Amino acid sequence: MIASKLTSKAQTTIPQAVRTALHLKEGDSIIYTLEANGRVTISRAPHEKPLEDPFGTFSEWDSEADRRAYADL
């Protein structure tokens, strides 16, 4: 059994063994599932698709000369 304490602000640290088992890293989201028997399960949320780069359409301005020209802005 693995345990952690709840702070006065209702926060807790997810124990290292649980983070390892769920392959959690900084920035990951977690899901809590409330079960009928009064238990709660925790799992890693699926990763969301990254948003499309809004500047990707400006690739014609992405040359080495452009990067040098705008480096100090």
Of Lys25, Lys49, Lys9, the only residue that is basic (Lys, Arg), open to solvent by 100 Å² or more (accessible area, probe 1.4 Å), part of a loop (DSSP other than H, G, I, E, B) and modelled with pLDDT under 90 is Lys49
Restricted to segment 52-73 and to residues being open to solvent by 100 Å² or more (accessible area, probe 1.4 Å), part of a loop (DSSP other than H, G, I, E, B) and modelled with pLDDT of 70 or more, the residue nearest to Thr20 (Cα to Cα) is Glu52
Output for Cβ contacts, cut-off 6 Å, separation at least six or different chains, first residue more than 20 Å from Glu48 (Cβ to Cβ) in segment 6-35, second open to solvent by 80 Å² or more (accessible area, probe 1.4 Å) and among the basic types (Lys, Arg), reads none
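The values are calculated or read from the model by the stated rules, or taken from the named source; none is laboratory data. None of the values given here were measured: they were computed from a predicted structure. Cβ: placed from backbone, ideal geometry, glycine included. Neighbour counts: every protein chain shown. Calculation scope for accessible area: heavy atoms of the full protein, side chains included, ligands and nucleic acids excluded. Shrake-Rupley method; radii C 1.70, N 1.55, O 1.52, S 1.80 Å.
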